[in-house]
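Scroll down for the structure; my scribbles are underneath it.
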Amino acid sequence: MRSWAPHDADFVFDMYSRREVRRYIGHGEVMQERDEAVKLLERWSELQHPVHHIWAVERTDDEQLLGALLLKSIPASGTGDLPSGDTEIGWHFHPDAWGHGFASEAARRVLDHAWEAGLERIVAVTNPKNAASMAVCRRIGMTHLGQSDAYYDTVCELFAVRRPS
Ligand SMILES: CC(C)(COP(=O)(O)OP(=O)(O)OC[C@H]1O[C@@H](n2cnc3c(N)ncnc32)[C@H](O)[C@@H]1OP(=O)(O)O)[C@@H](O)C(=O)NCCC(=O)NCCS
């Protein structure tokens with residue numbers, strides 16, 4: 001896992017221009033122009049935080065990019081995107097990389113990083129139809145807390161995990 005670089009824009013555009021990737025993210029809009037990927041990478045590089053980060057995940061053998069792993073502040077509903085005070089973990093992978101356990105492997109590493117950095121609790125939210133993402137939550141040891149409208153001005157399935165004692 002590494003930070004994103006400007007030359008990753010082709011991969012990011014390829015990933016986020018696919019309906020199957022965007023289907024359960026936000027309002028599901030796919031990227032139309034490569035420049036949107038360039039701007040997204042610029043925004044990600046501006047996220048300066050001692051613990052939060054958005055990583056590029058690549059295969060060790062051949063450095064093939066696989067997807068993105070996110071550890072970031074999650075916005076509270078009804079606040080116009082203000083932070084809720086909670087930290088969320090998230091994963092967006094290219095369809096070519098699905099079905100190999102890569103997202104779960106990368107997410108476990110990010111949880112270890114979060115605990116080592118002193119965070120106490122991490123949440124994840126998914127669209128109620130996003131079975132693949134809920135399966136990742138369960139694989140990495142998160143507990144399903146039911147549906148919640150606390151974040152992103154929408155109803156999501158809420159998962160959480162606490163720092164191991
Ligand atoms: C959510 C998403 C990352 C899940 O990807 P994934 O590849 O299914 O998840 P994992 O990395 O945990 O891999 C699990 C799959 O790999 C298989 N697998 C193969 N080898 C494995 C291994 N060593 N360990 C674990 N799983 C393995 C599992 O059987 C499972 O496949 P299955 O669902 O067909 O049974 C992917 O669907 C995605 O990027 N979706 C679009 C973006 C998105 O919706 N993100 C979430 C927003 S909340």
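What the table shows:
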{"quantity": "Among residues of segment 148-165, those that are touching an Asp or Glu at 6+ places or on another chain (Cβ under 6 Å) and either among the polar types (S, T, N, Q) or free of Cβ contacts under 8 Å to residues at least 24 places away in the same chain (or both), counted", "calculated": "0"}
{"quantity": "Tabulated pairs, segment 83-108, first within 13 Å of Val123 (Cα to Cα), second among the acidic types (Asp, Glu) and near the ligand (Cβ under 7 Å from one of its atoms), C-beta under 6 angstrom, 6+ apart or interchain", "calculated": "none"}
{"quantity": "Cross-chain or 6+ apart pairs with Cβ under 8 Å, segment 128-146 first and in contact (Cβ under 8 Å) with a residue 60 or more places away in the chain and of a type in the set (Gly, Ala, Ser), then open to solvent by less than 70 Å² (accessible area, probe 1.4 Å) and not in a helix (DSSP H, G or I)", "calculated": "Ser133/Tyr24; Ser133/Trp91; Ser133/Ala124; Ser133/Thr126; Ser133/Asn127"}
{"quantity": "Lone qualifier among Arg2, Arg18, Arg23 - being in contact with a His (Cβ under 9 Å, 6 or more places away or on another chain) and not hydrophobic (A, V, I, L, M, F, W, C)", "calculated": "Arg18"}
{"quantity": "Lone qualifier among Ala135, Ala76 - being in contact with a Ser or Thr (Cβ under 9 Å, 6 or more places away or on another chain), small (Gly, Ala, Ser), within 13 Å of the ligand (Cβ to nearest atom) and farther than 22 Å from Leu41 by Cα", "calculated": "Ala135"}
{"quantity": "Every residue from segment 78-116 that is buried (at least 16 other Cβ atoms within 10 Å of the Cβ) and in a loop (DSSP other than H, G, I, E, B)", "calculated": "His94"}
{"quantity": "Those helices (runs of 4 or more DSSP H) lying entirely in segment 1-67 with at least 2 residues under 25 Å from Gly85 (Cβ atoms)", "calculated": "34-46"}
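Listed here are the residues, each with its yes/no results for (1) in contact with a helix residue (DSSP H, G or I) (Cβ under 9 Å, 6 or more places away or on another chain); (2) part of a strand (DSSP E or B); (3) within 16 Å of Gly90 (Cβ to Cβ); (4) of a type in the set (D, E, K, R).
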{"residue": "Gly118", "(1), (2), (3), (4)": "no, no, no, no"}
{"residue": "Ala132", "(1), (2), (3), (4)": "yes, no, yes, no"}
{"residue": "Asp153", "(1), (2), (3), (4)": "no, no, no, yes"}
{"residue": "Glu157", "(1), (2), (3), (4)": "yes, yes, yes, yes"}
{"residue": "Val161", "(1), (2), (3), (4)": "yes, yes, yes, no"}
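The values are calculated or read from the model by the stated rules, or taken from the named source; none is laboratory data. All of these numbers come straight from a predicted model, not from anything done at the bench. Glycine also receives a Cβ, built like all others from the backbone with ideal geometry; neighbour counts cover every protein chain displayed. Just so you know, the surface numbers come from the protein's heavy atoms only, side chains and all, with ligands and any DNA or RNA stripped out. Shrake-Rupley method; radii C 1.70, N 1.55, O 1.52, S 1.80 Å.
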